[in-house]
Each structure stands twice: as structure tokens, then as C-alpha cells.
1. Among the residues that make up region 38-49, is at least one of them surrounded by 14 or more Cβ atoms within 10 Å (Cβ to Cβ), small (Gly, Ala, Ser) and in a loop (DSSP other than H, G, I, E, B)?
2. For the condition in a loop (DSSP other than H, G, I, E, B) and under 14 Å from the mean Cα position of the chain (by Cα), what is the one hit in 21, 9?
3. Can you give me the number of residues within region 24-37 that are more than 10 Å from the chain's Cα centre (by Cα) and not in a helix (DSSP H, G or I)?
4. In region 50-66, how many residues are over 23 Å from residue 8 (Cα atoms), surrounded by 14 or more Cβ atoms within 10 Å (Cβ to Cβ) and of a type in the set (A, V, I, L, M, F, W, C)?
5. Could you say whether any residue in region 10-30 is of a type in the set (Asp, Glu) and either in contact (Cβ under 8 Å) with a residue 24 or more places away in the chain or surrounded by 14 or more Cβ atoms within 10 Å (Cβ to Cβ) (or both)?
6. Give me the pairs, please: first residue somewhere in region 31-45 and within 10 Å of residue 64 (Cβ to Cβ), second residue anywhere and part of a helix (DSSP H, G or I) and of a type in the set (Asp, Glu), beta-carbon distance under 9 Å, and either six or more positions apart or on two chains.
Amino acid sequence: MKQFEPPAGEGYQLWGTTTEGEPRSPVFETLDELCEWCAENDTVFADIKATKEEWKEMLDADFVHAKVGNIVFT
């Protein structure tokens, strides 16, 4: 199992939590930049994508999820 450590310094980076806890994005100076990158380059669950605004709302709430109908994937 490979261990990852967060980079030193200030910044915003998306990390996965379902496996070893690996970085999923580059480090950005602002949350807006990270959310823009996530909207274009990552998924919330499986192949479900979110907009920049949805990413920001989820990251502000510390609850990344996908909702399909009445089912919520976390």
C-alpha cells in the first residue's frame, strides 16, 4: 500500500478517500480554481460529473456526493 502525504504549504487539492487516500488533482491557489479543474477533469462518483458551482458547494460543506433521482452516492 503506497502512502501519500499532503504537499507542504497552503493550497487546495482534491484527495480520494475510498482507497489509500491519494491526491486526485494538482494543487491550486484558490478553491475556485480547484472546483473549475474538478468540473472538467474528475467525477463525483463513477462517471457522474458535477459543475464548478456544485463542486464548490460540496467542498464548502465537506460532503462530496452524487444524487441520481432519490439515490445519494457518497
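Every number here is computed from the coordinates shown, using simple stated rules; none is lab data. The model shown is predicted, which means the values in this text are computed figures rather than measured ones. Ideal geometry is used to build each Cβ from the backbone, glycine not excepted, and the neighbour counts take in all protein chains shown.
1. So the first thing to find is which residues in region 38-49 are surrounded by 14 or more Cβ atoms within 10 Å (Cβ to Cβ), and the list is 38-39, 42, 44-45, 49.
Going one step further and asking which of them are small (Gly, Ala, Ser), we end up with 39.
The next check asks that each one be in a loop (DSSP other than H, G, I, E, B); those that pass are none.
No.
2. One residue alone meets the criteria, 21.
3. Step one: list which residues in region 24-37 are more than 10 Å from the chain's Cα centre (by Cα), which gives 26-33, 36.
Next, only the ones that are not in a helix (DSSP H, G or I) stay: 26-30.
Going through region 24-37 one residue at a time, the tally reaches 5.
4. Here the count works out to 5.
5. Quick first cut of region 10-30, residues of a type in the set (Asp, Glu) only: 10, 20, 22, 29.
In the following step, the residues that additionally are either in contact (Cβ under 8 Å) with a residue 24 or more places away in the chain or surrounded by 14 or more Cβ atoms within 10 Å (Cβ to Cβ) (or both) were identified as none.
Checked against the condition, which is being of a type in the set (Asp, Glu) and either in contact (Cβ under 8 Å) with a residue 24 or more places away in the chain or surrounded by 14 or more Cβ atoms within 10 Å (Cβ to Cβ) (or both), region 10-30 yields no hits at all.
6. That search, which allows pairs on different chains as well, returns 44/54.
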